[in-house]
Amino acid sequence: MCGRYAIFRRDDVIARAFRVQQILGEERAPSWNVAPMQGIRVVLERTPREEPEGDPVRQLRRARECASPIWPHLEWADSSERRNTEGCWRP
């Protein structure tokens, strides 16, 4: 990610706009200067762990964004490269 951005919408507004079925975690205060590695709210669609064959559920939850590429997490990547990106959200 290059630059920063703002997050100021309430969870219920985001949930309505994206037809979210579950809101997980606490609502965060607005931020007009979201930095890399800061927790953000994301919309995900997942099947419940307890029902792997069930229908996907759309969730609003917290994730941590980072500007690291995915390639350091591949098998062939050097361990020092992997260490630099630990804790980042990955799909």
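The values are calculated or read from the model by the stated rules, or taken from the named source; none is laboratory data. Quantities reported herein were computed from a predicted structural model and do not represent experimental measurements.
So that you can scan it fast, the table gives a plain yes or no per residue for (1) assigned to a loop (DSSP other than H, G, I, E, B); (2) modelled with pLDDT of 60 or more; (3) of a type outside the set (Val, Ile, Thr):
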position: Arg41; (1), (2), (3): no, yes, yes
position: Leu44; (1), (2), (3): no, yes, yes
position: Pro48; (1), (2), (3): yes, yes, yes
position: Glu53; (1), (2), (3): yes, yes, yes
position: Arg58; (1), (2), (3): no, yes, yes
position: Arg62; (1), (2), (3): no, yes, yes
position: Ala67; (1), (2), (3): yes, yes, yes
position: Pro72; (1), (2), (3): no, no, yes
position: Trp76; (1), (2), (3): yes, no, yes
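Any residue that is acidic (Asp, Glu) and either modelled with pLDDT under 55 or part of a strand (DSSP E or B) (or both) - is there at least one of those in region 81-89?
The answer is yes; a qualifying residue exists.
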